[in-house]
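Asks: The structure is given below, and queries will be raised subsequently.
The values are calculated or read from the model by the stated rules, or taken from the named source; none is laboratory data. This is a predicted model, so every value here is computed, not measured. Here the Cβ is made from the backbone with ideal geometry for all residues, glycine too, and neighbour counts use every protein chain on show. To get the accessible areas, we keep the full protein, side chains included, count just its heavy atoms, and leave off ligands, DNA and RNA. Shrake-Rupley method; radii C 1.70, N 1.55, O 1.52, S 1.80 Å.
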Amino acid sequence: MTTFLLLLLVAVALGITGMTISGLSFLLVIAVIVLIADLVLLGARWGRGRRVTR
């Protein structure tokens with residue numbers, strides 16, 4: 001969960017920096033990529049956590 005929150009914080013920081021400073025719009029693209037990777041990581045952890053006990 002710490003990795004998820006850290007990557008989310010990095011994505012938000014890069015997104016804000018990319019939107020506010022003209023000429024650094026590539027940071028906004030990187031932020032979106034990091035956010036997507038973060039959501040994939042979260043989905044993989046959630047999918048692995050479900051185990052059926054009998």
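Asks: Between residues in the stretch 7-30 that are touching a residue at least 12 places away in the same chain (Cβ under 8 Å) and in a helix (DSSP H, G or I) and residues that are of a type in the set (Gly, Ala, Ser) and open to solvent by 60 Å² or more (accessible area, probe 1.4 Å), which pairs lie under 6 Å by C-beta distance while being six or more apart or on different chains?
Replies: Between residues of the stretch 7-30 that are touching a residue at least 12 places away in the same chain (Cβ under 8 Å) and in a helix (DSSP H, G or I) and residues that are of a type in the set (Gly, Ala, Ser) and open to solvent by 60 Å² or more (accessible area, probe 1.4 Å), the close pairs are Gly18/Ser25.
Asks: Could you look through the stretch 2-15, keep only residues that are over 18 Å from Arg45 (Cβ atoms) and touching a Leu at 6+ places or on another chain (Cβ under 6 Å), and pick out the one that is surrounded by the most Cβ atoms within 10 Å (Cβ to Cβ)? If you could, list the steps in order and put the result at the bottom.
Replies: Kept after step one, since they are over 18 Å from Arg45 (Cβ atoms), are these residues of the stretch 2-15: 12-15.
Checking which are touching a Leu at 6+ places or on another chain (Cβ under 6 Å) leaves us with 14-15.
Working: Leu14: 21, Gly15: 18.
My answer is Leu14.
Asks: Any idea how many residues of the stretch 30-54 are among the charged types (D, E, K, R) and modelled with pLDDT under 80? First the steps, then the outcome.
Replies: We begin by selecting, within the stretch 30-54, every residue among the charged types (D, E, K, R); these are 38, 45, 48, 50-51, 54.
Pick out the ones that are also modelled with pLDDT under 80 and you get 48, 50-51, 54.
Of the residues in that region, 4 qualify.
Asks: Something else: Within the stretch 16-36, how many residues are surrounded by 13 or more Cβ atoms within 10 Å (Cβ to Cβ) and not polar (S, T, N, Q)?
Replies: If we filter the stretch 16-36 for residues that are surrounded by 13 or more Cβ atoms within 10 Å (Cβ to Cβ), which is where we start, we get 16-19, 24, 27-28, 30-32, 34-35.
Then drop every residue that is not not polar (S, T, N, Q), which leaves 16, 18-19, 24, 27-28, 30-32, 34-35.
Here the count works out to 11.
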